[in-house]
1. By how many nm would the segment from Ala147 to Leu129 lengthen if fully extended, with 0.36 nm per residue of separation less the alpha-carbon distance?
2. State which entries of Lys166/Lys271; Lys79/Lys233; Lys62/Lys233; Lys271/Lys357; Lys51/Lys79 exceed 31 angstrom in Cα-Cα distance in the structure shown.
3. What ranking of Thr318, Thr179, Thr19 emerges when the number of other C-beta atoms within 10 Å of each C-beta is taken as an exposure proxy, fewest first?
4. Considering only C-alpha atoms, what is the centroid distance from the stretch 169-247 to the stretch 90-162, in Å?
5. What are the residues whose amide H is under 5 Å from the amide H of Val287, where those residues sit 5 or more places off or on another chain and H is modelled from the backbone?
6. At 7 Å along the Cα-to-beta-carbon direction for both Ser119 and Glu236, put a label point, then send me their distance in nm to one decimal.
7. Taking a quarter of the surface of the convex hull around the Cα atoms of the stretch 34-124, what do you get in nm²?
8. What FRET efficiency, computed as 1/(1 + (r/R0)^6) with R0 = 51 Å and r the Cβ-Cβ distance, is obtained for Asp20 and Val356, rounded to the nearest 0.05?
Amino acid sequence: MANLWRGVIREYADRLNVTDATPVVTLGEGGTPLIPAPALSARTGANVFVKYEGMNPTGSFKDRGMTMAISKAVEHGAKAVICASTGNTSASAAAYATHAGISSVVLVPEGKIAMGKLSQAIAHNASLLQVQGNFDDCLDIARELSANYPVHLVNSVNPDRIDGQKTAAFEIIEQLGKTPDFHFIPVGNAGNYTAYHRGFREFADAGLATHVPRMFGFQAEGSAPIVLGHPVKNPETIASAIRIGNPASWELALSARDDSNGYFGALSDAKILEAHRILSAEVGIFVEPASAISVAGLLERSAAGEIPAGSTVTVTVTGHGLKDPQWALRTDDGSDVQPTVVPVDVAQIADVLGLVKGTA
Ligand code: F0G
């Protein structure tokens, strides 16, 4: 039998902040596919590969950091963890905490997280509270609670989270057999951008990568504090996962950009949905809207002439489409697709499909 994937802590123990005494709390995260995307290569003239992080156990990249954060929390004797979240962190924290036999508290912005994520956190027994504020308010409260009450913070300001998330960069280099020229990634709290850079930098310093790829990160236009250079008080975007006005890892992300000769850009919700459609209908990968912004960014930078033909490009798509599926049904006029209803009748169905009799 082939070697089975053992989760990111066991696969990369020598590169993570763990010891033999660390109890490994894992749901088998990591080892996600790196998928060649000929449709995106054709549109850009580059060789494009998509790192599909929706294939993690709770459907997002958060699991890579959460296996670390919860394992370390248990190692330190924590009985409860807390996080603020736009949805995915809460789903992941709840699942890993439950698996470890400890409890979780999650604070989410009222009415602003996708239903799949809300369902996950509740299913996994989190004490979930909807705060009458945005993500940034939730994070401030979570930080204060963890400083004054016996709840351990597992947001990406916890260094163990970034440590775990950097493993995706290791996998990309190993799967590709070389270092990409460019890496494209969505940006919200800016932890994942920071984590990928750290992973690429570590491999480069160890002689396992030839260089650090240029890190291109994208925020939604209505929630683009890093691009604007100042916090956004009331961030807005349909990409609820990245609806963040004051990223916790802002400074770290700027250093990562500078070290990698990288870039931050902002894109409209319309561009995000267009990329979402291209990924779904041309590549065959279903993601949530926030994830599609990395693809939108690639298309925009390519159209601007910034991506030389033949470049090797990797693109992270961060969360699964089933978490927030409504956008796939949305049409340009704002209504939802209504699939055609047909009777139980072969001839009529063939007619509706435009099929002409005869075998293939
Ligand atoms: N994509 C998805 C699907 C996310 O859920 C997030 C962040 C990001 C991208 C951005 O990553 O914050 O490290 O820059 N979600 C967090 C959450 C904030 O609470 O689930 P980032």
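We did not get these values from a lab; they are worked out from the coordinates using the rules stated. For clarity, every value in this text was computed on a predicted model and none was experimentally measured. We place every Cβ from the backbone using ideal geometry, glycine too, and count neighbours over all the protein chains shown.
1. Stretched out fully, the Ala147 to Leu129 stretch lengthens by 4.6 nm.
2. Over 31 Å apart, Cα to Cα: Lys79/Lys233; Lys271/Lys357; Lys51/Lys79.
3. In order of increasing Cβ crowding within 10 Å: Thr19, Thr179, Thr318.
4. For the stretch 169-247 versus the stretch 90-162, the Cα centre distance is 22 Å.
5. Gly321
6. Computed distance between label sites Ser119 and Glu236 equals 2.9 nm.
7. Quarter of the Cα hull surface area: 7.3 nm².
8. The formula returns an efficiency of 0.15 here.
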